[in-house]
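Presented below is the structure to which this report refers.
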Amino acid sequence: MYALSHLFIRSQTADGETAGGRICLTIHRIPRNNGLSLDGLSICEKGSHVAPTLYLNSCYQRFQNGTPLEQLLDELLSLYRQSLANNPFDLNLLEQAESVRPRVAYRLINAQSNRELLKTLPHIPVLDLAKVFYLDLGADERGAMTVRITGAHLAHWGMDLETLSRLADENTPRLFPARILSIGEALGELLPSGGRETGHPLYILSNQNGLSGAACMLYTDILKDFADRMKANLVVLPSSIHEVLLLPDRGDQNYEELSRTVASINRSEVDPEERLSNNVYLFSRSTGRLRIAPVVTGPLQAFSD
């Protein structure tokens, strides 16, 4: 229904105030992945520099479908109160650089389709992707609680991009350990009767919670160790921002056909906000490096439906 989208250090004057000036409300567009955006309501109590942000889009859809406005307001207020009561982290500590250092992590997004968003975000280019940074504040029954890190945050903390990236490289594998499952093992987790071996040499790489798990392909030695196990180079297929598929490359793969398949699946099966890339990547066992597979198909055209 609703979700606590993120929490952030306030840097702008609120558009309005209520409750005798004790509560500041701000409605603004929140840029999301791949050029999408949502409407968010930020609620900040006087004296606090942190505001929970609630997405309003589903509220508006329910209002159009006949849900009374009073009911929606009550639910939003309840969600806001829950976010304050259930959050195990003292949000005001987000102002302190030392408090945020162990919580810095990174995720991967497509660079071209997020070119406007990246103008405001510290990031590191990686092939056709970008490594962007956020704070992990844990999770509850409503999902993960995160803070997207902007240039304003770095200035406030007195932190540079090099330090931010180093912290994220150290923290992300610790906070979100990687795991690799065969297709058969993955089916075994999804099907009540258990999965069966498919005979297909595909493997799924993600993290333990399955969120933003494509970042695992940048973990130190994760691809190298798997390639050594397979005794082969690897084809890396970008399934979504949450996972990638690994395919042992024994010299018989048609990269252009694989790229067309990835683009087709992106169009028909993957939510636009969760698309990572139409490119196929190759991992060299001997050099330990990733590169984009040499194909004729353009990387981003198929991102548009």
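Tabulated results
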read-out: Orientation-averaged projected area, Cα convex hull of the range 105-181 (nm²); value: 6.5 nm²
read-out: With DNA, RNA and ligands ignored, accessible area of Thr163 (1.4 Å probe; Å², nearest 10); value: 30 Å²
read-out: Heavy-atom accessible surface of the range 250-289: percent carbon and sulfur, 1.4 Å; value: 40 percent
read-out: Mean Cβ count within 10 Å, highest first, over the residues of peptides 274-287, 249-262; value: 274-287, 249-262
read-out: Solvent-accessible area of Asp228 with every protein chain in place, 1.4 Å probe, in Å² to the nearest 10; value: 50 Å²
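The values are calculated or read from the model by the stated rules, or taken from the named source; none is laboratory data. Please read all numbers here as calculations on a predicted model, not as lab measurements. Glycine gets a Cβ as well: all are built from the backbone with ideal geometry, and neighbour counts include every protein chain shown. Each accessible area value is taken on the protein alone, full model and side chains, heavy atoms only, with ligands, DNA and RNA left out. Shrake-Rupley method; radii C 1.70, N 1.55, O 1.52, S 1.80 Å.
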